[in-house]
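Read through the structure below, which is laid out as structure tokens, and then see the notes.
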Amino acid sequence: MSDALQTALQNTFSPETLLVILLAAMFGLFVGAIPGLTATMAVALMVPFTFFLDPVAGVAAIVTMEACCIFSGDIPTTLMRIPGTPSSAAYVDDAYALTQRHEHQKTLGVSLVFSVVGGLIGAVFLIVAAPQLARVAFEFSSYEYFWLCVLGLSCAAIVSRGSAAKGLLSLAIGLLIACVGIGSTHGVPRLTFGIEQLASGIDFIPAMIGLFGFSEVLRNVLKPAVQESALQAAAAEARFGSRGWLGAAMRDVFSSAIQRLKRSIGRVLTSSTIGAFIGMLPGAGADIAAWVSYAVSKRRSTVTEQAEYGSGSLQGIADATTANNASLAGAWIPALVLGIPGDSVTAIVIGVLLMKNVSPGPDIFQNPAQLPIVYSIYLTFVLANLLLLPLGFLAIRLGSQIVRVPRYVILPLILMACIVGSFAINSSYFDVYVMLCMGLLGFVLERFGVPLGPVVLGIILGPRLEETFVQSLTKSDSLTAFFSRPIAASLGALCIIVWLWPLISRLIGKNRRSTAAVPS
């Protein structure tokens with residue numbers, strides 16, 4: 001084992017590998033900051049270059065790029081209200097509300113610090129608990145995946161900004177949009193209205209860009225000129241290095257985040273555990289981890305703190321970013337131990353490893369020739385997250401200049417980013433039309449106070465929910481079968497508690513008020 005670790009250290013810290021890691025980090029930050037370009041796309045673009053790299057350098061590039069890409073997705077989320085990654089949709093309203101209060105650097109500082117901490121804790125989970133946790137994930141069947149999807153959707157509807165009824169309406173709209181196209185279970189076209197392009201369904205990335213990006217353009221166009229002048233005057237104060245020196249700039253970004261980190265170690269551990277556990281479930285991913293952690297964060301907060309969620313909660317952002325970065329390492333657990341991809345990125349990674357004659361599976365931990373690659377992956381996760389701190393700080397300082405741009409300049413740029421990001425997915429003009437239509441839908445929904453986050457999650461998880469439900473009914477037509485397995489029963493009970501929690505908390509509050517009103 002010591003020989004394998006020594007080999008891994010030599011391979012990982014060689015000048016060639018370190019250069020590859022640095023370039024991959026910069027590329028990941030760039031791609032993640034462009035709305036519509038996801039970590040999966042960045043990794044897919046990197047695959048041809050891995051042909052010319054050794055296995056350690058190729059895998060290290062993918063690990064680094066993914067970690068940096070997930071964080072930099074928070075930059076357009078915070079500054080332009082366009083989620084850079086699907087997981088950013090969980091806290092987009094909070095982040096943008098803080099930007100409107102001119103606290104964008106503090107917000108991005110919290111995102112950066114907690115992303116790094118979550119990534120490091122996720123790496124510890126990967127290193128220490130991979131074989132044990134992989135066995136748990138291996139026990140998941142369609143019943144467990146169904147309840148996991150239901151849990152994620154329930155959390156999105158209940159903890160969203162506004163009333164639970166509006167959250168459920170938003171979720172229903174998202175699930176309805178997810179039904180468009182040829183069904184994965186029966187192969188029958190649904191809600192296509194004779195439009196050929198709708199047969200493949202509606203891609204969630206153009207939909208997400210439209211809901212949050214184009215709707216923001218429409219909303220700003222109708223914003224009063226007086227309010228615009230006030231925003232421009234306040235934005236003019238946010239100059240690069242406005243306080244003169246690097247030390248002051250670092251305090252702007254890191255001071256609040258470090259103080260919050262010291263106060264919330266327990267919550268960090270909880271969010272990291274949630275993220276790592278959800279990440280190791282094949283097909284779950286960082287977006288579900290972010291939503292579930294955000295929901296847990298809100299439930300753990302006081303009544304006063306809960307009122308901030310959806311309108312500028314730094315704690316909600318901290319917990320969600322911790323979870324989605326911890327989930328990245330968790331997704332590698334089933335990929336390495338079982339050869340089952342935890343998400344789309346690890347699916348590509350498995351292909352790269354097989355191309356390099358490395359076979360993921362239980363034997364990878366026993367084969368002396370392949371064990372150094374495993375250790376190199378561990379080391380790269382730690383190194384990538386540490387490297388994210390200085391590079392992420394530079395990305396924040398450069399990205400923060402967006403708030404200085406006048407509205408008549410930034411709105412056309414946002415619209416251009418929306419169009420380019422939508423078109424870049426499939427090189428299809430139809431996706432641009434989808435983005436524009438979803439933007440109009442998002443504008444109308446927000447005019448009536450309906451949150452947009454559940455719409456996005458409904459589009460993402462709707463097909464998975466339908467598929468696992470039909471698979472489960474195929475095994476047994478009895479609804480009790482959904483509770484027949486211990487893990488499924490636990491997840492099902494948790495979902496029921498989440499559904500009933502608003503009623504339970506209301507009854508508990510009423511009972512407390514009644515008790516307090518009784519004279520002693």
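The values are calculated or read from the model by the stated rules, or taken from the named source; none is laboratory data. Since the structure is predicted, the reported quantities are computational estimates derived from the model, not experimental observations. Please note: Cβ atoms are built from the backbone with ideal geometry, for glycine as well, and neighbour counts cover all protein chains shown.
Quick one: is residue 455 buried (at least 21 other Cβ atoms within 10 Å of the Cβ) and under 30 Å from residue 302 (Cβ atoms)? Yes; evaluated as a whole, the condition is true for this residue.
So that you can scan it fast, the table gives a plain yes or no per residue for (1) part of a helix (DSSP H, G or I); (2) within 28 Å of residue 166 (Cβ to Cβ):
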site: 432; (1), (2): yes, no
site: 436; (1), (2): yes, yes
site: 446; (1), (2): yes, yes
site: 450; (1), (2): no, yes
site: 459; (1), (2): yes, yes
site: 481; (1), (2): yes, no
site: 493; (1), (2): yes, yes
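Residues of region 461-486 that are over 22 Å from the mean Cα position of the chain (by Cα) and among the basic types (Lys, Arg): 475, 485. Scanning region 28-46 for residues that are at pLDDT 70 or above and surrounded by fewer than 19 Cβ atoms within 10 Å (Cβ to Cβ) returns a single hit, 30. Comparison of 458, 453, 492 shows that the only residue that is closer than 16 Å to residue 153 by Cβ, under 31 Å from the mean Cα position of the chain (by Cα) and at pLDDT below 75 is 453. Listed by position, the helices (runs of 4 or more DSSP H) enclosed by region 265-315 that each have at least 3 residues that are touching a residue at least 40 places away in the same chain (Cβ under 8 Å) are 265-279, 286-300. When you check residue 81 against the structure, is it more than 22 Å from residue 279 (Cα to Cα), charged (D, E, K, R) and crowded, with 23+ Cβ neighbours inside 10 Å, yes or no? Against the criterion (more than 22 Å from residue 279 (Cα to Cα), charged (D, E, K, R) and crowded, with 23+ Cβ neighbours inside 10 Å), residue 81 qualifies. The set of residues from region 178-210 being touching a residue at least 24 places away in the same chain (Cβ under 8 Å) and part of a helix (DSSP H, G or I) comprises 178, 197, 204, 205, 206, 207, 208, 209, 210.
Among the residues of region 10-22, is there at least one that is over 17 Å from residue 382 (Cα atoms), surrounded by 23 or more Cβ atoms within 10 Å (Cβ to Cβ) and among the polar types (S, T, N, Q)? No, there is no match, as no residue in region 10-22 is over 17 Å from residue 382 (Cα atoms), surrounded by 23 or more Cβ atoms within 10 Å (Cβ to Cβ) and among the polar types (S, T, N, Q). Just one residue in the set 25, 61, 89 is part of a helix (DSSP H, G or I), buried (at least 24 other Cβ atoms within 10 Å of the Cβ) and within 14 Å of the chain's Cα centre (by Cα); that residue is 89.
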